[in-house]
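Derivation of every value follows stated rules applied to the coordinates shown; laboratory data play no part. Worth saying up front: this structure is predicted, and the values here are computed from it rather than measured. We place every Cβ from the backbone using ideal geometry, glycine too, and count neighbours over all the protein chains shown.
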Amino acid sequence: MQELVLIQPIRAADEEWTREAAYAARRREFEARLAECGPLAYRVARGVLRNDADAEDVAQEALLRAYRRFDRLRDPLRFRGWLVRIVFRLALDRARSARRRELRETEWAQPARRATPLNAEELAASSEFQAHFGRALEELPEKLRLVLLLAAMEGHTLEEVAAMLGLPVGTVKSRLFVGRKKLAEKLQCYVTNTKAR
Amino acid sequence: MLCDKYKGALIDAAASGAALPSYIREHVDLCVRCQGVLAARQVVFAAVDMGLHKISNVELPSSFLPDLKSKLVAETPSTRAGIHNWAFVCAAGTLVLALALIGLPRDQGKQIGGESLNRTKKARALANGLRLDPIHVSKAPDRIEVSKARMPQNLSVTNHDPEVLVPREEEEYLEGYYAKLQKRGGMNLILAGRQEVQAKALQIEQIEVKELKIESLDEQAGLQRTNTR
Ligand SMILES: [Zn+2]
């Protein structure tokens, strides 16, 4: 049988155009946040992954997810907190699969105890220290690692980090202190217990 | 030994940069071993902070934001319009199916019993129930647009795609709308000629009516239970 349906095309088209205008406005609002939140997402991912391409992938994926949920994340502070957590989580997942491959290929190389003391700048600049530092950071508990990365970002106060993560400032301070101590213990083999220059 | 006893305090002092308590300070000033421990830890903590700063403040690659913005543009319309198109197709399909299920016995009754059913009224009631716009079958040919005939010759041929009839003045908008949908791989549109969209009696063969019960149109529930054959 044949049925004839009359729709009202003007209204339907109008609704669609209105909707698309709303999407465009939403996208512009989101893009305005990217100047600040793009680097934030990338740096968190890069801090976990230590690889530019992987960090870029993960940060973009996290930002796209944030965009899809943007209606519920309009509050800037809530948005940043949500973004940081999702990018950190995605980066950890990516790092885990990468690490499984890596561990099969290389052993944890313990550096030989240095005979001569270094100053901090020389130490931080050495490629051996940097590689060891990255792995030491990777071995830290996640909650310490995220606080260390966020607190080290330029322009972040401890109060801002606390607000982003929904933690008391005291908890952030304590995680920062414990995290740095754990890193220093792991990297202590780079200096001898003689008076540094 | 005091050196072992104070080691923890030396590490904490190196970590926080805070001053040592005076009784420990006095010992450290006299003890070369503790001075070595404190200095080495201070170097490590400073290197750790430099490492953290370096790792946490990498520059954003120049392609990052342009890439992301193009992904955002691609993201919105396709996903949303896809949902919109499907919602429209599903609603239209449901309407046609409902009409097919309910309308057939009525048409048979009309033909056999001679009772005239007001299909426009029935369809409007159904359409309202589905929150769609009303349905009309042409009784006033002036309101039906004539153009681009690609319509099957016999309207009673089984075809479950809905045709869309619009007043002449709205045809342009409709074409624009459908062109947009089709660009996204959405729907097909057949514009029918005026002459061809005339109500015809249904050609139904081999129908045997054992019992026919006709109920008021206002009783939608009753329609479902109409028993023909
Ligand atoms: Zn001592």
Roughly how many nanometres apart are two label points built 7 Å out from the Cα toward the Cβ at residue A:154 and residue A:75? 3.0
Rg/Rh (Cα only; Kirkwood hydrodynamic radius) as it applies to the range A:10-111: 1.18
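Computed from the mean reciprocal separation of all distinct C-alpha pairs, what Kirkwood hydrodynamic radius does the range B:1-81 have, in Å?
Values: mean 1/r = 0.0604 Å⁻¹.
The Cα-based Kirkwood calculation yields 16.5 Å.
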3J(HN,Hα) from dihedral phi, the range A:161-178, Karplus parametrisation 6.51/-1.76/1.60, rounded to Hz, x for glycine, proline: 4, 4, 5, 4, 8, x, 10, x, 4, x, 5, 5, 4, 5, 5, 5, 5, 5
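So how do B:73, B:28, A:58 line up by other beta-carbon neighbours within 10 Å, fewest first?
Details: B:73 14, B:28 20, A:58 28.
Least crowded to most crowded, the residues run B:73, B:28, A:58.
With +1 on the Cβ of every Lys and Arg and -1 on the Cβ of every Asp and Glu, and nothing else charged, how large is the dipole of the range A:10-111 about its Cα centre, in debye rounded to the nearest 20?
Values: 24 positive and 18 negative charges, 93 e Å.
The dipole magnitude comes to about 440 debye.
Around residue B:48, under 12 Å between beta carbons, what's the net of Lys plus Arg minus Asp minus Glu among the other residues?
+4
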